[in-house]
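K.L.:
Have a look at the structure that comes next, please.
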Ligand code: GLU
């Protein structure tokens, strides 16, 4: 049985892109009678707000996107992150790093505009004398990997272009890359459907799954919703929140747009039906995302 999930971070309200990820992951799980779990990604306590979480939950409910079982929460999984981190440490797969962001920025340039500067490996052979550890990084030297994505097909990633990545942050908490792998494993997720903005993260997560000897979930990265000129939409102007008058009372129209974006063309006869009915119709008519699905 497919076990999919939606994992919003309560650092802001949902936006059009996250609504598409929610609907897409719901359809992919539910089309075959699977389960759709909800996890609140509240790792970065300083940026998370209870008010955003409440708004996200109420908004999902208003759209008829009802999750199965209890809500998961990253803040409840810290002990498991620590145990997995210890396992990685014993494998010799991680090492402490003393480099600051500024030092890494000075060390080189990004391979492509907008990409991060690869970590140069300065602390890989041991901390330089007199330096204090800040973050912990995972060794990736010489690794090139290929993983399958349902929409993109085989995706190749050469870690030389990204470098050893952080699994435990200087602030003391575990990094998203480590947390998400542990979270998905703990809740038995076998299908990860999310936006293309996270495609770059996936090789890191696949590498962690592999090092830990865990089976990989299926991955499917959906296209990002862009403006008419192809530009990224600003989160503020595309908020999907119950606090927004442009959303309340217009849920069904927004849902039709999200379904349309995902290749489900809702017939005119269904105009005016509830979100629950739209989702059910979508579930029955949704074609699984593949590399030929034209998305
Ligand atoms: N919490 C992440 C976000 O809101 C998504 C995590 C994931 O889907 O793996 O961007």
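K.L.:
Given the conditions (1) in contact with a helix residue (DSSP H, G or I) (Cβ under 8 Å, 6 or more places away or on another chain); (2) under 30 Å from residue 21 (Cα atoms), report the number of the one that residue 122 does not fulfil.
P.N.:
Of the numbered conditions (1) in contact with a helix residue (DSSP H, G or I) (Cβ under 8 Å, 6 or more places away or on another chain); (2) under 30 Å from residue 21 (Cα atoms), the odd one out for residue 122 is (2).
K.L.:
Okay, moving on. Look at segment 175-200 and say how many of its residues are modelled with pLDDT of 95 or more and either in a loop (DSSP other than H, G, I, E, B) or within 10 Å of the ligand (Cβ to nearest atom) (or both).
P.N.:
The qualifying residues number 18.
K.L.:
Please verify whether residue 252 is touching a residue at least 60 places away in the same chain (Cβ under 8 Å), in contact with a helix residue (DSSP H, G or I) (Cβ under 7 Å, 6 or more places away or on another chain), part of a helix (DSSP H, G or I) and crowded, with 18+ Cβ neighbours inside 10 Å, treating the condition exactly as stated.
P.N.:
Against the criterion (touching a residue at least 60 places away in the same chain (Cβ under 8 Å), in contact with a helix residue (DSSP H, G or I) (Cβ under 7 Å, 6 or more places away or on another chain), part of a helix (DSSP H, G or I) and crowded, with 18+ Cβ neighbours inside 10 Å), residue 252 does not qualify.
K.L.:
Let me ask something additional. Do we find a residue being part of a strand (DSSP E or B), in contact with a helix residue (DSSP H, G or I) (Cβ under 8 Å, 6 or more places away or on another chain) and at pLDDT 95 or above anywhere in segment 128-137?
P.N.:
So far as segment 128-137 goes, yes, one or more of its residues are part of a strand (DSSP E or B), in contact with a helix residue (DSSP H, G or I) (Cβ under 8 Å, 6 or more places away or on another chain) and at pLDDT 95 or above.
The values are calculated or read from the model by the stated rules, or taken from the named source; none is laboratory data. This structure is a prediction, so every number in the text was calculated from the model and none was measured. Positions of Cβ are backbone-derived with ideal geometry, glycine not excepted, and every protein chain shown enters the neighbour counts.
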